[in-house]
Amino acid sequence: MNNDHRAAPSPHGTAITSHRLRAIGLAFAAALSLPQLAAAQAPAYQITFKNLTSDAAATGAATTQTGQRLSPPVFITHSDAYTAFTVGQVAPETIWRIAEGGDRSFLLNEVNALVGTSVRSVVAPLSAPLPQQNSVTVMVNADASHHLLSFASMLGWTNDGFVGVSGLDLSTITGTVTINLYGYDAGSEKNNEANGFLGALGLGNARDPEGGLITTHLGIRGDANAPAAWNWLPGPAASLTISAVPEPGSWALLAGGLPLLMLLRRRATRAAR
């Protein structure tokens, strides 16, 4: 007599196991797709800031310095609760300090105090002006709430010129995008282009207040002490090249999870037989 009281395997139990394994596999596959979505939203961005102005031009037997040097910039990612500047409005001190003298300390003090609330990241590369035809590359972080980019840099050989963007939506960028920057006039100082008011002329950097608004810069006239060779128009003064960068962790999760997903699929297939 057979005293073995072990129950025969239930076909229902096998089906349940198979369904469970399949469910686990499907759930894991869905989880693996999430990093791809995160990568599409690009929580990190590579930004190259380039000075597009000419570095020198032959004028007869002499060579005259041309174009513009650009002050060390500040890059900020933030929410819509923060605004760096608005064209057509009065420039805040954080901006006119950059536009008139390349002083970014006021802007850095402001945005560093907001990190963790309306500001996500602050990047301030370089310790000296960016020469003509040179570039600098930085990385910034963003997220669903802090997806706006602002930055500013002085047009070094102007009274109160600067290049910048305010509230550029990074979430709309896929792949690589290049943006040309033609320059703004901060409206905080008259464009007298005179000795004593342009630090680049070497005779002081006094202020000649204007009380105007931020507008498009009209370039260097060349009818005072600043040479016309410093003008950059009609071309752009600088450019930003922005590339969406997939989160490194996404690739690690995908590579590490595929073997487990394949194992689950094999087990589900065996259980279904």
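Of the conditions (1) at pLDDT 95 or above; (2) in contact with a helix residue (DSSP H, G or I) (Cβ under 9 Å, 6 or more places away or on another chain); (3) over 23 Å from Gly175 (Cα atoms), Thr77 fails just one. Which one is it?
Thr77 satisfies every listed condition except (3).
Do any strands (runs of 3 or more DSSP E) lying entirely in region 106-218 carry at least 1 residues that are assigned by TED's automatic domain parsing to the domain that holds Trp96, surrounded by fewer than 20 Cβ atoms within 10 Å (Cβ to Cβ) and of a type in the set (A, V, I, L, M), and which ones are they?
So the answer is 119-123, 135-141, 161-169, 176-181.
Filter region 68-105 for residues that are among the aromatic types (Phe, Trp, Tyr) and in a loop (DSSP other than H, G, I, E, B); which is surrounded by the fewest Cβ atoms within 10 Å (Cβ to Cβ)? Before you say what the answer is, go through the steps one by one.
Our first condition is that a residue be among the aromatic types (Phe, Trp, Tyr); within region 68-105, this holds for 75, 82, 85, 96.
If we keep only those that are in a loop (DSSP other than H, G, I, E, B) too, we end up with 82, 85.
Working: Tyr82: 20, Phe85: 24.
Taking the candidates together, the pick is Tyr82.
Of the residues in region 107-162, how many are within 17 Å of Asn180 (Cα to Cα) and of a type in the set (Ser, Thr, Tyr)?
Residues in region 107-162 being within 17 Å of Asn180 (Cα to Cα) and of a type in the set (Ser, Thr, Tyr): 4 in total.
The values are calculated or read from the model by the stated rules, or taken from the named source; none is laboratory data. Not measured: the values here are computed from a predicted model. A quick note on method: Cβ atoms are made from the backbone with ideal geometry, for glycine too, and the neighbour counts reach across all protein chains shown.
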